[in-house]
Each structure stands twice: as structure tokens, then as C-alpha cells.
1. Within straight cross-link reach of LYS235, meaning Cα distance under 14 Å, which aspartates and glutamates are found once same-chain residues fewer than 8 apart are removed?
2. Assign one of three labels to region 100-249, namely rounded, prolate or oblate, based on the Cα gyration tensor with a ≥ b ≥ c the square roots of its eigenvalues; rounded applies when a/c is under 1.5, prolate when it is not and a/b is larger than b/c, and oblate otherwise.
3. With n ≥ 4 as the cut-off for DSSP H runs, can you work out [θ] at 222 nm for the chain, using -39500 (n - 2.57) per run divided by the number of residues, rounded to the nearest 500?
4. Quickly rank 231-241, 178-188 as a protection proxy: mean count of other C-beta atoms within 10 Å, highest first.
5. Which Cα, out of ILE178, MET48, ALA100, lies furthest along the positive dipole direction of the chain (beta carbon charges, K/R +1, D/E -1)?
6. Where does each of 30-38, 139-147, 54-62, 124-132 land if you order them by average Cβ count within 10 Å, highest first?
7. For LYS187, which lysines qualify as cross-link partners when the Cα separation must be under 28 Å and same-chain residues fewer than eight apart are set aside?
8. Please give me, ordered by residue number, the chymotrypsin sites (Phe, Trp or Tyr not before Pro) of region 69-104 that lie in loop per DSSP and have at most 16 other Cβ atoms within 10 Å.
Amino acid sequence: MGRLNLKVIGHGGAFDYNMPNSSFLVETAYGKWLVDCGYNIFSTLKKMETNKEIDISTIRNIFITHMDDDHIGSLKTLLYYRYFILNEFTNIYCSPEIQAELNYYLKDINKESANGEFISAKICNVIPITTLKNTMFDFIVKTTTAIHHTPTSGVMFIDNKYKTAIWISGDTIASKDIMSEVVNTLKEYSIKEVILLHDFSYWDEPKLNVHACNTNINCEYNKEFKNMLIYYHNKEKVHVSYTNIPMEV
């Protein structure tokens, strides 16, 4: 399996109040990465920590796919907790398209004076990326295209040494361009085993252009790619496992 591991924190959508929002913890040689931090994710992380399933002090990197409340709703609470209780600084990564909006959202956390000095403690960095490479660990993070009602991205984590990858689509409809981008990236790095997590809604209304649905997926994706996907962002429990990449993809 290599050095990439994935833990599902939640797989619910915006209105699934009785289950955690969609969020994932990716364990890499370059540290642990939390993908999205919706309105009930901090409380979920605390419960998991109490049960000794995770250690919040080790989550030094957070990737935010977009600015909807079910993806950032408890981000500030997690940042405050890590800084003021655990004395830990946090790096927040995002696509360049949402950097300005994310900085504005966090303006009351990192308060800056007119001369560029921080009035209160700076507790996090917002770092826009398209591709982040760490040569020491042969580790790569890439943003991927997503199509939603608001600027959004997916994210792919690549362990180039062990040739494994984890892709989280972000909230998106299905698109041939997305499939091509993901497949080409896997081929570029000669990836052998993958976990491909894809947004999915049972609300089969493709014209809404919000989430992937049966009609949309069947129109846009070929059989080989569909067979590799693990669906999330709905009430179905997510069972995560690596799959080999078929030669036909």
C-alpha cells in the first residue's frame, strides 16, 4: 500500500445533520492532511481523539476544496484549538481560485496592521497551490478540476516512491475533462494503486450542475473509470480500499 493511508472522518452532505460532513484524513510521509472541515467536523475529530482514533496535534496541514459551510464551518474552531490549546501552527492549502475568499474568511484570526505586522498571533498560513512537491519524501499534492455552483477544486495526493495515489474529487458534477485530467495524472506518475473518491448525489438532476448523479456519471465517464470510483457525500457508508489501475483506463 505504501505510505499513503486514508481515514474517513465524514461522508455526509450539507443537510445530513445526523452524520459528519464530508471530510478525510490523509496520512502521508509529509505529515497528515485534513481535507475540508465542515460545521460538525471539529466535534467529530474531538470524539475520535477521545476514542484514540486520531491525534489532532498531528494534523498540521488542511486542504480546503471550497467555501461552503459544510466544508469550512468549523475550520476556525479547529485552528483556535490547535493554536491556543495545543500550541500548534497550521498550514491551510487551497486552489488559487479561493485564496482571496479564504483569507477574508480568516481575517479575524490573523489580524494584520497597516504596516504588515500582526496585531494578534498569526495562527495559520493560507497557501495557494496547483502542484506542491516535496522532493525529500517524493510526495506531491495536486489540485484538480471540479465543477460546482461556486469555485471549487479536487485534490490528489501522490506518493511517487510507492506509486500510490488518493484523489478526492471535491463537490463536483461528472465531466469528461475531469476524468481525462485524473487519468492523465495517474499515467504521468505511473501510479499502480489508487483510491478515487467521487462526490455523488442520489438526487438525479444533472441540469442543476451541483453534484454528480447517476445520469451525469453514466454520460461522462467510461466503464473502466466508473469501476474505480468510491462515492461519498451521501448517506451511504464509505468503504475505502486501494484498487489496481486497469490498462484500459
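1. ASP16, ASP199
2. Verdict is oblate for region 100-249.
3. On the way: 7 runs with 51 residues, N = 249.
Dividing the helical sum by the residues of the chain leaves -5000 deg cm²/dmol.
4. Working: 231-241: 14.9, 178-188: 16.6.
With the highest mean Cβ count within 10 Å placed first, the list reads 178-188, 231-241.
5. Final value for the positive-end residue is MET48.
6. Result, highest mean first: 30-38, 139-147, 54-62, 124-132.
7. Within the straight-line limit of under 28 Å, LYS187 reaches these lysines: LYS7, LYS32, LYS133, LYS142, LYS161, LYS163, LYS176, LYS223, LYS226.
8. Loop-located and lightly packed - PHE89.
Each reported figure results from applying straightforward, stated rules to the coordinates on display, with no laboratory input. None of the values given here were measured: they were computed from a predicted structure. FYI the Cβ positions are ideal-geometry reconstructions off the backbone, even for glycines, and counts take in every protein chain you see.
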